[in-house]
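First up is the structure itself, then whatever we jot down about it.
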Amino acid sequence: MKNLLDHISNPEDLRKLNRTQLPQLAKELRDFIIDIVSTKEGHLGASLGIVELTIALHYLFDTPNDLLVWDVGHQAYGHKILTGRKETFHTNRQFGGIAGFPTRKESNFDAFGVGHSSTSISAALGMAIASNLKGETKKQHIAVIGDASIASGMAFEALNHAGVSNANLLIILNDNAIGIDPSVGALKEYLTKVKTDRKLAAQNNIIKALNFDYSGPIDGHNLPKILSELERLKSVKGPKFLHIITTKGKGLQQAEEDQVTYHAPGKFDKISGERIKKEASLYTKYQDVFGKTLVELAEKNDKIVGITPAMLTGSSLKFMLEKFPERTFDVGIAEQHAVTLAAGMVTQGLIPFCNIYSTFLQRAYDQVIHDVALQNLPVIFCLDRAGLVGEDGATHHGVFDLAYLRCIPNLIIFAPRNEIELRNILFTAQKGLKNPIAIRYPRGTGKLLEWQKSFEDIEIGTGTCLTKGSNVAILTIGTIAENVINALELISETNIFSHYDMRFVKPLDKNLLEEIFANHTFIITVEDGVLKGGFGSSILEFAAENNYPHQIKTLGIPDIFIEHGTVSQLQHIIGLDPKSLSNLLNSYV
């Protein structure tokens with residue numbers, strides 16, 4: 001039997017196949033994804049679960065003229081392979097290769113860039129309204145929303161609008177009951193009931209109540225059924241909603257049985273599915289330092305609660321859930337709600353640790369300002385995945401947090417240099433602060449073997465001197481200090497360099513800064529956040545306000561979106577790796 005996928009470079013090739021050949025293609029597409037991801041790593045389960053739908057959509061619709069939006073983007077591996085990127089798919093998420101998510105600049109088949117979740121319905125509705133205004137009433141607009149994204153507030157807002165529009169919009173819910181962790185909430189409970197109770201689907205249907213033509217739920221792995229239903233829906237006017245049931249990780253037994261791990265499993269054996277164990281690190285992930293320390297604190301402080309928007313495993317709040325399930329809240333993909341929920345808890349005397357990835361807190365910026373900072377409620381924000389995160393690329397780098405938080409009154413901003421500093425700021429914060437605080441720390445492991453030491457208070461707004469020199473002061477914030485330490489080891493004359501860990505971006509340690517400016521000629525700031533408005537900008541402002549004439553050089557993320565690659569590769573291209581830093585420092589010798 002010939003390999004069908006070998007002869008498919010784009011959807012036009014796909015449409016030449018007989019429908020009876022499509023199940024074979026589905027198997028080949030799954031095998032192709034498994035083969036590549038097993039060695040190159042990446043997201044796995046979501047794309048395996050949606051293979052049949054991906055084939056059906058490109059088979060029946062005139063993509064890219066018909067517009068197809070994916071939500072979330074890690075469902076779209078099959079889509080990429082069928083739309084001209086099969087030969088380059090092995091470069092997925094690698095430096096210089098194709099992106100791990102759909103992106104408009106990569107292909108005209110990627111109608112909308114999707115790295116975060118719950119944006120597809122709004123985007124596709126906007127496209128459909130535009131088509132109506134242009135008289136293109138035959139054009140189809142499809143939003144495929146899955147991995148628990150439907151529970152987000154933004155998705156509800158878009159459904160509310162779409163239901164009263166006359167847009168030619170098809171929303172397909174890929175219902176697999178799991179995001180990264182299992183889905184939560186009343187909507188998830190409703191969808192579970194709909195799967196087993198057809199009367200509920202027919203009579204008391206939430207989607208129908210919003211004026212959608214609802215169909216389903218149907219088996220998302222039954223290609224003939226999907227094809228016939230999509231064909232029918234093509235001719236239905238107005239907003240339509242197709243509910244399909246899929247299995248995340250379909251086609252690989254281990255991925256079906258352990259859907260959390262196989263969301264992004266790392267390298268694995270493509271035949272057995274067994275994960276290939278990496279050499280165990282001697283060091284601890286920052287997320288685990290947070291998770292384990294929080295449990296330790298919660299054992300002695302019953303006012304502590306943990307909140308996460310669908311990232312129990314990724315944030316390591318799973319430890320808190322295991323020990324204190326009644327004090328741990330996974331609110332689903334709902335960052336805005338998470339922030340204001342925490343604010344409400346504070347008003348009643350609780351101490352909420354609101355753990356949100358740095359890149360996702362951007363989605364709740366209004367709530368941080370109005371519901372927390374304006375009311376000066378001491379929510380403790382723990383911003384995981386700060387700085388450059390690597391292969392997930394521009395949509396996931398946590399590089400904007402220092403800049404977008406620094407301008408907010410009442411907010412304390414702290415970045416630990418190492419695991420002990422993270423542990424101690426968590427301890428300090430839960431003892432009671434007068435202001436909200438944002439604590440940002442990176443993805444990956446620290447560098448200390450023994451970090452579970454006795455707790456010590458950290459005085460708010462104080463920095464520390466790591467190395468004392470005579471002429472050049474290097475000011476760092478957070479774990480990027482390690483790169484500076486390594487850079488100084490590459491230089492022969494280090495006695496002219498002082499190195500200060502400022503720790504707090506806000507409030508700045510002004511007493512220490514006055515000492516630094518009084519005793520040094522040159523100032524260099526180093527951060528793993530954006531230069532525009534970030535930590536370096538705060539030092540420039542301080543110098544201007546106090547009329548210091550010093551030469552100040554700021555190093556950090558330039559004013560561009562940084563693409564995907566390993567953290568070390570990305571640091572090298574922007575000059576933040578130890579070797580590049582040492583070359584710069586040598587120019588001061």
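The values are calculated or read from the model by the stated rules, or taken from the named source; none is laboratory data. All of these numbers come straight from a predicted model, not from anything done at the bench. Here the Cβ positions follow ideal geometry from the backbone for every residue, glycine too, while neighbour counts run over all protein chains shown. Please note that ligands, DNA and RNA were not included when accessible areas were found on the heavy atoms of the full protein model with its side chains. Shrake-Rupley method; radii C 1.70, N 1.55, O 1.52, S 1.80 Å.
Odds and ends about this structure:
- Relative to one another, the C-alpha centroids of the stretch 138-167 and the stretch 214-240 are positioned 16 Å apart.
- Eigenvalues of the alpha-carbon gyration tensor of the stretch 73-130, scaled by 5 and square-rooted, set the equivalent ellipsoid semi-axes at 22, 12, 9 angstrom, largest first.
- The stretch 249-318 and the stretch 359-414: distance between their alpha carbon centers, rounded to Å: 23
- Eligible lysines near K292 by straight Cα distance, threshold 28 Å, same-chain separation 8 or greater: K267, K277, K278, K300, K303, K318, K323, K431, K434, K447, K453, K506
- Computed Kirkwood radius, in angstrom, where 1/r is averaged over Cα pairs of the stretch 326-386: 11.5
- When shorter helices are ignored and each DSSP H run of at least 4 residues is given -39500 (n - 2.57), the per-residue value for the chain at 222 nm works out to -10000 deg cm²/dmol.
- Per-selection Kirkwood Rh - the stretch 1-154 (Cα, Å, 1 d.p.): 15.9
- Only protein heavy atoms count here; under a 1.4 Å probe, S358 has an accessible surface of about 0 Å².
- Proximal lysines to K237, defined as alpha-carbon separation beneath 26 angstrom and excluding residues fewer than eight positions away on the same chain: K134, K138, K139, K195, K199, K208, K225
- The stretch 38-52 - phi-based ³J(HN,Hα) in whole Hz, Karplus 6.51/-1.76/1.60, Gly and Pro as x: 4, 10, 9, 6, x, 7, 10, x, 5, 5, 5, x, 10, 4, 4
- Principal-axis analysis of the Cα atoms of the chain puts helix 186-196 at an angle of about 30° to the longest axis.
- Per-selection metrics, the stretch 413-497 (Cα): Rg and Dmax in Å: 14.7, 45
- Only protein atoms count toward the accessible area here, which uses a 1.4 Å probe; on the stretch 426-526, the carbon and sulfur part of that area reaches 44 percent.
- Shape category assigned to the stretch 403-448 from the gyration tensor of Cα positions, a/c cut at 1.5: oblate
- I218 accessible area, 1.4 Å probe, all protein chains in place, Å² to nearest 10: 20
- Cα-based Kirkwood hydrodynamic radius, the chain, one decimal, Å: 25.6
- Overall shape: rounded for the stretch 454-570, with the ratio a/c of the largest to smallest alpha carbon gyration tensor axis below 1.5.
- Straight-distance candidates among the aspartates and glutamates for linking to K2, with alpha-carbon spacing under 14 Å and chain neighbours fewer than 8 residues away dropped: E28.
- Close amide H pairs (under 5 Å, H built 1.01 Å from N) link V379 with I437, residues at least 5 positions away or on another chain.
- Using θ = phi - 60° in the Karplus curve 6.51 cos²θ - 1.76 cosθ + 1.60, the 3J(HN,Hα) couplings for the stretch 347-356 round to 4, 10, x, 7, 10, x, 9, 9, 9, 9 Hz; x is entered for Gly and Pro.
- Selected from F268, V505, Y357, residue furthest toward positive end of dipole (the chain; charges at beta carbon): F268
- Peptide packing: for 472-484, 272-284, 567-579, the average count of neighbouring Cβ atoms within 10 Å per residue gives the ranking 472-484, 567-579, 272-284, highest mean first.
- Computed from the alpha carbon positions, the gyration tensor of the stretch 477-535 leads to an equivalent ellipsoid with semi-axes of 20, 16, 10 Å, biggest first.
- Principal axes of the stretch 263-399: Cα extent on each, largest first, Å: 54, 36, 25
- For the chain, the share of DSSP beta bridges that are antiparallel, to the nearest 5, is 15%.
- Atom-type composition of the exposed protein surface of the stretch 532-589 places 52 percent of the accessible area on carbon and sulfur (1.4 angstrom probe).
- Whole-percent carbon and sulfur share, accessible surface of the stretch 66-130, 1.4 Å: 58
- For the stretch 18-81 versus the stretch 324-346, the inter-centroid distance based on Cα atoms is 34 Å.
- In the stretch 207-252, Rg over Rh equals 1.04, where Rg is the alpha-carbon radius of gyration and Rh the Kirkwood radius from pairwise Cα distances.
- Kirkwood Rh and Cα Rg combined as Rg/Rh, the stretch 501-566: 1.02
- A 1.4 Å probe run over the protein chains yields, for the chain, 41 Å² of accessible area per residue, whole-number rounding.
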